[in-house]
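**Student:** Handing you a structure now.
Since every read-out is calculated from the coordinates, none of them should be taken as a lab result. Please read all numbers here as calculations on a predicted model, not as lab measurements. Here the Cβ is made from the backbone with ideal geometry for all residues, glycine too, and neighbour counts use every protein chain on show.
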Amino acid sequence: MQPQADPFIVPVCHEDIEVLYQDQHLLLINKPSALLTLSGKHPLNKDSVHFRLVKDYQTATMIHRLDFGTSGILVVALNKEINAHIGKQFQTRNVVKTYTAILHGHLADDNGCIDFPIAKDKPNFPLQKICYETGKKAMTTYEVIERLEKPFATKVIFKPITGRTHQLRIHSGKIGHPILGCDLYASDEAFFMAKRLMLHATMIEFDHPVTGDRIKGVSQCPF
């Protein structure tokens with residue numbers, strides 16, 4: 001029997017969750033970087049967005065996730081029906097999401113579309129990989145905001161058309177401009193250029209399940 005690998009224990013996150021909007025059906029919250037969306041299996045990885053929220057909102061359920069290092073806006077359902085309704089909007093791509101990121105190096109074009117299929121890299125969980133045989137279609141559009149000299153990097157707006165695991169991180173790495181601070185798909189140089197993953201969910205748009213109004217939630221980028 002092979003020995004179990006040491007589990008990854010997440011560092012303590014001292015930042016608070018900010019509630020940006022709430023009604024009796026849902027919340028829009030701002031997730032800090034270095035906080036899990038859902039608690040991990042290891043008891044020392046209990047702290048998470050969901051773990052904190054249910055103390056004040058007992059029926060809160062997570063409709064979608066942000067990676068541990070990603071900060072920004074999340075939609076939280078306050079009952080199962082709302083969760084199912086917004087979940088279907090994700091499936092039909094009625095939900096529009098926008099992210100801000102800082103990428104290593106200077107992108108040649110001011111805007112473009114990254115189109116590489118993504119599949120699970122099963123021997124190397126939780127890594128994903130580009131695979132034209134088994135991968136699911138994954139598309140990301142980008143627009144350059146600013147090209148920086150110090151650090152040598154490019155600030156961009158990402159709009160993912162699809163919602164694959166690690167999509168923005170792996171797409172950025174594939175085009176040779178990984179997200180600064182990315183521990184999975186960046187070079188050592190790009191990883192050590194930032195103290196955190198430089199990826200922030202800035203906007204989300206969807207139809208309110210009860211009123212039908214188009215909701216647009218915004219979280220200001222901290223970098």
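**Student:** Considering only ILE82, LEU168, ALA201, whose Cα is most displaced toward the positive end of the charge dipole of the range 18-218, charges sitting on Cβ of Lys, Arg (+1) and Asp, Glu (-1)?
**Tutor:** ILE82
**Student:** Given labels modelled 7 Å from the Cα in the Cβ direction, how far is it in nm from CYS131 to GLN220?
**Tutor:** For CYS131 paired with GLN220, the spin-label model returns 4.3 nm.
**Student:** Same structure again: Only Lys, Arg, Asp and Glu count, each charged at its Cβ (+1, +1, -1, -1), so figure out the dipole size of the range 133-190 about its Cα centre, rounded to 20 debye.
**Tutor:** Details: 9 positive and 7 negative charges, 64 e Å.
So the magnitude is around 300 debye.
**Student:** In whole Hz, what ³J(HN,Hα) sequence does the range 76-93 give by Karplus (6.51, -1.76, 1.60; θ = phi - 60°), x for Gly and Pro?
**Tutor:** 10, 8, 9, 7, 5, 5, 5, 4, 5, 5, 6, x, 5, 5, 4, 5, 8, 6
**Student:** Related question: At 7 Å along Cα-to-Cβ for each site, give me the label-to-label distance between LYS46 and ASP188 in nm.
**Tutor:** Each label point lies 7 Å from its Cα, and together they span 3.8 nm.
**Student:** What relative contact order, as a whole-number percentage, does the range 87-184 give when Cα pairs under 8 Å and 6 or more residues apart are counted? Let's see the in-between values first.
**Tutor:** Numbers: 182 pairs, mean separation 31.8, N = 98.
32 percent.
**Student:** Tell me the label-point distance for the pair GLN58, LYS150, using the 7 Å Cα-to-Cβ offset, in nm and rounded to one decimal.
**Tutor:** Spacing of the two 7 Å Cα→Cβ label points: 5.6 nm.
**Student:** Rounded if a/c is under 1.5, else prolate if a/b is larger than b/c, else oblate: which is the range 143-214, with a ≥ b ≥ c the root eigenvalues of its Cα gyration tensor?
**Tutor:** Working: a/c = 2.63, a/b = 2.03, b/c = 1.29.
Prolate, because a/c is 1.5 or more and a/b exceeds b/c.
**Student:** Using the Cα gyration tensor of the range 96-223, with a ≥ b ≥ c the square roots of its eigenvalues, what is the shape: rounded (a/c below 1.5), prolate (a/b larger than b/c) or oblate (neither)? Each step should come with its number before you reach the end.
**Tutor:** Details: a/c = 1.77, a/b = 1.16, b/c = 1.53.
Oblate.
**Student:** Evaluate E = 1/(1 + (r/R0)^6) for LEU20 and ASN94, where r is the Cβ-Cβ distance and R0 equals 30 Å; express this FRET efficiency to the nearest 0.05.
**Tutor:** 0.90
**Student:** What do you get when you divide the Cα radius of gyration of the chain by 2.2 N^0.38 Å, with N the number of residues? Spell out each step's value before the answer.
**Tutor:** Numbers: Rg = 17.8 Å, N = 223, 2.2 N^0.38 = 17.2 Å.
Relative to the 2.2 N^0.38 Å estimate, the chain comes out at 1.03.
**Student:** Taking neighbour counts of Cβ atoms within 10 Å as a proxy for exposure, in what order, fewest first, do ARG196, ARG164 appear?
**Tutor:** Numbers: ARG196 16, ARG164 21.
Fewest to most other Cβ atoms nearby, the residues stand as ARG196, ARG164.
**Student:** Counting only GluC sites (Glu not before Pro) that are in a DSSP loop and have at most 16 other C-beta atoms within 10 Å, tell me the longest site-free stretch of the chain.
**Tutor:** Numbers: sites that count: GLU15, GLU133, GLU149.
With GluC sites (Glu not before Pro) excluded where exposed in loops, the chain gives 16-132 as its longest stretch.
**Student:** I would also like to ask the following. Taking neighbour counts of Cβ atoms within 10 Å as a proxy for exposure, in what order, fewest first, do TYR57, TYR99 appear? Kindly include the intermediate steps, with their values, before the conclusion.
**Tutor:** Details: TYR57 17, TYR99 24.
The most exposed by this proxy come first: TYR57, TYR99.
**Student:** Please name whichever of LEU53, ILE29, HIS64 sits farthest to the positive end of the charge dipole of the chain, dipole taken about the Cα centre and charges placed at Cβ: Lys and Arg +1, Asp and Glu -1.
**Tutor:** The listed residue farthest towards the positive side: HIS64.
**Student:** Using +1 on the beta carbon of Lys and Arg, -1 on that of Asp and Glu, and nothing else charged, what's the dipole of the chain about the Cα centre, debye to 20? Walk me through the numbers before you get to the answer.
**Tutor:** Details: 26 positive and 23 negative charges, 107 e Å.
Charge dipole of the chain: 520 debye, to the nearest 20.
**Student:** Here is a further query. Would you pull out the residues with amide H under 5 Å of THR162's amide H, same chain only if 5 or more places away, H placed 1.01 Å from N?
**Tutor:** Distant-sequence amide H within range of THR162: MET139.
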